[in-house]
Each structure stands twice: as structure tokens, then as C-alpha cells.
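Dropping the structure in here first, questions after.
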Amino acid sequence: MLKRIKDITTNIAPRLVEIRRHLHSHPELSGQEYQTAAFIAGVLSASELHVEEGIGKTGVIGELKGTQSSDSILAIRTDMDALPIQERTSLEYASRIEGVMHACGHDIHTTVGLGTAMVLSQIAPELGGKVRFLFQPAEEIAQGANWMVKDGVMNNVAAILGLHVFPSIPAGSVGIRYGALTAAADSLEIIIIGESGHGARPHEAIDAIWIAAQVITSLQQAISRTQNPLRPVVLSIGQINGGRAPNVIADKVQLLGTVRSLHPETRDKLPQWIEKIVANICNSYNAKYQVNYHQGVPSVQNDNVLTQLLQSSAEEAWTSDCVQILPEPSLGAEDFSVYLEHAPGSMFRLGVGYEDRIINHPLHHPQFEVDESAIITGVVTLAYAAYKYWLNSKL
């Protein structure tokens, strides 16, 4: 069956490149993927999948019925939104939309998802169980997975697989990670409330800017001395708002930031830990405060059995030399984790780097490019993993 999957993928490879370049030329921002969704639905329908549009607002699902009578479903998720970045590549198929670019590789993700559906549709009689393809909007704003789940895409799903491109891994290879793959991403707002006064007489006021500086410094120092270094936490303040004039002591400062963590136990304690530090500092200088901590997406925790399935599928398809076991997780975030609250799953890294280039620009860079040969690697790996999943019903 592996040879057949490879042969089918090779035959449709030119079409997959066409699909990817079309998607790359016509990127759409999160929640606005109307043309992308319509294009995806058309490709899926041409492969005789059952298609539903308008799922999760602008999402699409395609479903293949296998030979088993069970209602159990294997899901394969790919995301399809682009970023508000002006492309600066010299590609003939560069973005035609001003200020919008597929700088995170979601055009590759979508193409791999469509290619996997096209391959599996040709081996459907031998596939076994059902496969549901989730084409998700709005991953970049960490909302799309919640929208999709709310619309029932995880109903009867027993397991879910996904992928994300990785430019530091060469095309033709994949990265496998057991356990934590990405971090939980939470948002933080701290408001310091002091008392205004003349800049020449700061002792008569309560300087919110100075106190905010103490808060920022103390939070960074406290991480290294109160948090377990084997359970990393990153707290970054990315925006500071405050002050009325250069010669007026600020009476209010707003700090906005992001908090990343890998372990659920650590994450649960972070809001109280942060508030305690802020309270101690503000109380010392007679200031008031507000701490608003919002939990975003949790960390992606790959299921060991499904990760082994992906590893063995990739090794059989491409040899073990083409499979990298990733030693470290990323502190980036992925709302694939939302699906894992409803079923076990695993996400792998698809290498898209050019081996002959000194620099492969990172994700979210305006000159980000991918080696399109990676599309075949992704399709064969996912299609073969889906086939093996149903071949071994004990998974």
C-alpha cells in the first residue's frame, strides 16, 4: 500500500504545486478565508468527498467513508489563514494581496491536507475507517479551533493528526516530538494606578511609571528564582501605555504582555504568582493595581501512541535518516491543542528548508520561502499514517 500511496502522490504532484501556488498568490486573513474555503471545497468535491462549508465560520470539512461500519473517525487538521505581512520575495506566484502573505506556511498545510484527501479517496475501498479533514480558519489569532469545535467537528473523532512546516528542517525530512510540542499562550494586562503630580516634585505624587518599571523588573527576576527552571516560563511585556505629558507624573500605566508555559501545573499557578508580585510592589508604594490574566490556548501535548504512528509511517516511507526526533519543544503556540481536549492527537514538523541555502528565513518573515518538494513528503506521511491507523484498530 505504501508504494501505491507514493505512486498516486507522484502522479498528482504537479497539481499539488498548482494548488499551493494559487493559495500562496491569494492569501486571506484570519476569519476572512472565503475564497480559500470555496477553492478547498471545490477540490474536495472533485475527489468525491462529502463536503460541508461554513463550519467554524469560514472553515471547511471533507469526509471519506471507509469500509468499517463504526462511527469512529480519524481527523486530519490543516489551517488556511495568512498573516498581515507584506511579502518581499521575488516569486512569480508571490502574494497579489497588498499587506497579506502566507508567511507561516498555511498554504503548504492546506495543500498537504488536500493532497492527502485526494490520495485517500483513491484507496478508499482499502482504507478501513472514516477520515474527516478539517480545514481550519483563524489559527493565527488562536480562534479558529474553538469555532470549529463549537460547530461539532470533533463529534465521534477518536484521534486527530496535524502538521506544521519548519524551515530549520530540510525538505524531505520530518520532525517528531514526543510529549509537549508547543507552549500554552496566555495574555496579561497589568494596570498600575498612582497619583498625578508635578514632574519637579515626584515625592508628592505616586509615580505609576516608576512603579510599573519595578513590576516589570521584579517579574523577570522572579522567574529565574521562584520558577522551576526545568519547567520553563516566558513572560514578555510587549506594550506599555501611560503618561500625559513630559513634566507630569503619570497616574496610570497599562502593561500588556504574553505568558508562555509548557506544563499545565505551572500554568495553573501563574495568575496568582503574578498578582502576588504586583501586589507586593504596589502596596509598598501606596499604589493600586489590577491584574487581568486571560488563558489562551493550552500547550500541544502529543499522544505517545499516535506520535509513534507518525514516526513509523515516516520512517517506512522515507527511511529513519529522514526522521528527526526533536529534543525540545517550542514556546510558540498552536490552537491544534484545542482539539486535543476532545481526543488524543499528534502534530509533526514538516521540513521545508532548502539544503543548498545559507539562510532559510524563519516563519513570519516577509522573505519566508519553502522548498515545494516537501509537499510530497507531507502527503505521503499523512496518507500512510491514516491507512496504518485503520489497519491497526488497536490504536
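Which net charge results for the neighbourhood of V174, defined as the other residues with beta-carbon distances under 10 angstrom from its beta-carbon, given Lys and Arg at +1 and Asp and Glu at -1? Don't jump to the answer; show the numbers that get you there.
Values: positive: R349; negative: E315.
Counting the neighbours of V174, the net charge comes to 0.
Right, another one. Of K252/K276; K150/K276; K57/K130, which ones are farther than 28 Å apart at the Cα? Numbers along the way, then the final one.
Numbers: K252/K276 19 Å; K150/K276 35 Å; K57/K130 24 Å.
Those over the limit are K150/K276.
Nearest-5 percent of antiparallel DSSP beta bridges in the chain? All intermediate terms of the calculation are to be shown ahead of the outcome.
Values: 45 of 69 bridges.
DSSP beta bridges in the chain are roughly 65 percent antiparallel.
Once Rh is set to the Kirkwood radius over Cα pairs, what Stokes-Einstein translational diffusion coefficient, in µm²/s, holds for the range 184-297 at a temperature of 25 °C and a viscosity of 0.890 mPa s?
On the way: Rh = 14.6 Å.
Value of D from the Cα-based Kirkwood radius: 168 µm²/s.
Ignoring ligands, DNA and RNA, what accessible area per residue does the range 184-297 give at 1.4 Å, in Å²?
Details: 6380 Å² over 114 residues.
Ligands and nucleic acids excluded, the figure is 56 Å² per residue.
Once R0 is set to 35 Å, what does the formula 1/(1 + (r/R0)^6) return for the Cβ-Cβ distance between I123 and L326, expressed as a FRET efficiency to the nearest 0.05? Kindly include the intermediate steps, with their values, before the conclusion.
On the way: r = 30 Å, r/R0 = 0.85.
According to the calculation, E is roughly 0.70.
Follow-up. Report the percentage of all Cα-Cα pairs in the chain whose separation exceeds 27 Å, rounded to a whole percent. Don't skip to the answer; put the middle values down first.
On the way: 41748 of 77815 pairs.
The calculated P(r) of the chain puts 54 percent of pairs beyond 27 Å.
In nm, give the distance between the simple-model label positions of I97 and Q290, each being 7 Å from the Cα along the Cα-to-Cβ direction.
3.4
Based on the Cβ-Cβ distance of K269 and A46, what FRET efficiency does E = 1/(1 + (r/R0)^6) give at R0 = 56 Å, to the nearest 0.05? Write down the numbers at each step before the final one.
Details: r = 51 Å, r/R0 = 0.91.
Between K269 and A46 the formula returns 0.65.
When the accessible area of the range 1-41 is split by element with a 1.4 Å probe, what percent falls to carbon and sulfur? Could you put the intermediate results ahead of the total?
Working: 1050 of 1970 Å².
Its accessible area is 53 percent carbon and sulfur atoms.
So, one more: Amide H neighbours of A185 under 5 Å, counting only residues 5+ apart in sequence or on other chains, H built in-plane at 1.01 Å?
HN-HN under 5 Å from A185: G296, V297.
Which one of A171, A94, A103 has the biggest mean-square fluctuation once the chain is modelled by GNM with Cα springs under 10 Å?
Highest fluctuation of the listed residues: A94.
Within the accessible area of the range 111-152, what % is carbon and sulfur when the probe is 1.4 Å and the other protein chains stay in place?
Details: 520 of 1120 Å².
Ligands and nucleic acids excluded, carbon and sulfur give 46 percent.
Quick one: with all protein chains in place, what share of the accessible area of the range 184-297 is carbon or sulfur, to the nearest percent (1.4 Å probe)?
The nonpolar share, carbon plus sulfur, comes to 50 percent.
Give the long-range amide H neighbours of A75: residues separated by 5 or more places, or on another chain, with amide H under 5 Å away, using H modelled in the peptide plane at 1.01 Å from N.
HN-HN under 5 Å from A75: R132, A158, A159, I160, L161.
How much net charge surrounds N286 when only the other residues with a Cβ under 14 Å from the Cβ of N286 are counted, with Lys and Arg +1 and Asp and Glu -1? Please report the intermediate quantities before stating the final value.
On the way: positive: K288; negative: E195, E204, D207, D251.
In short, -3.
I've got another one for you. Go ahead and set up a Gaussian network model of the chain, Cα springs under 10 Å, then flag whichever of S312, S224, S346 fluctuates most.
S224
Which FRET efficiency, nearest 0.05, do T10 and T67 yield, Cβ-Cβ r, R0 25 Å? Please report the intermediate quantities before stating the final value.
Numbers: r = 25 Å, r/R0 = 1.01.
Between T10 and T67 the formula returns 0.50.
Among 154-165, 130-141, 195-206, 293-304, how do they line up from the highest to the lowest mean number of other beta-carbon atoms within 10 Å? Mind dumping the intermediate values first?
Details: 154-165: 21.8, 130-141: 24.8, 195-206: 13.3, 293-304: 19.0.
Result, highest mean first: 130-141, 154-165, 293-304, 195-206.
Now, a different point. Whole-Hz ³J(HN,Hα) for each residue in the range 43-59, computed from phi via Karplus 6.51 cos²θ - 1.76 cosθ + 1.60 with θ = phi - 60°, x for glycine and proline: what do you get?
The phi angles translate into 5, 5, 5, 5, 9, 6, 8, 7, 10, 10, 10, x, 8, x, 6, 10, x Hz.
Residue-wise, which Karplus ³J(HN,Hα) couplings in Hz belong to the range 222-236, taking 6.51 cos²θ - 1.76 cosθ + 1.60, θ = phi - 60°, and x for glycine or proline?
Listing the rounded values in order: 5, 4, 6, 10, 10, 9, 4, x, 7, 10, x, 10, 10, 10, 10 Hz.
Can I ask one more? Quick one: net charge around P329, please, counting Lys, Arg +1 and Asp, Glu -1 for every other residue with C-beta under 12 Å from its C-beta.
Numbers: positive: R177, R231, R260, R349; negative: E328, E334.
Counting the neighbours of P329, the net charge comes to +2.
Check cross-link reach from K269 to the lysines: straight Cα distance under 24 Å, and skip same-chain residues fewer than eight apart.
Those lysines meeting the cut-off are K288.
Okay, next question. Reachable lysines from K3, Cα under 17 Å, same-chain residues fewer than 8 places away excluded?
Once the sequence-local lysines are set aside, what remains near K3 is K388.
The values are calculated or read from the model by the stated rules, or taken from the named source; none is laboratory data. Being a predicted model, the structure only gives us computed values, none of them experimental. Cβ sites come from the backbone with ideal geometry, for glycine too, and all protein chains shown count toward neighbours. Just the protein is used for accessible areas: all its heavy atoms, side chains included, with ligands, DNA and RNA removed. Shrake-Rupley method; radii C 1.70, N 1.55, O 1.52, S 1.80 Å.
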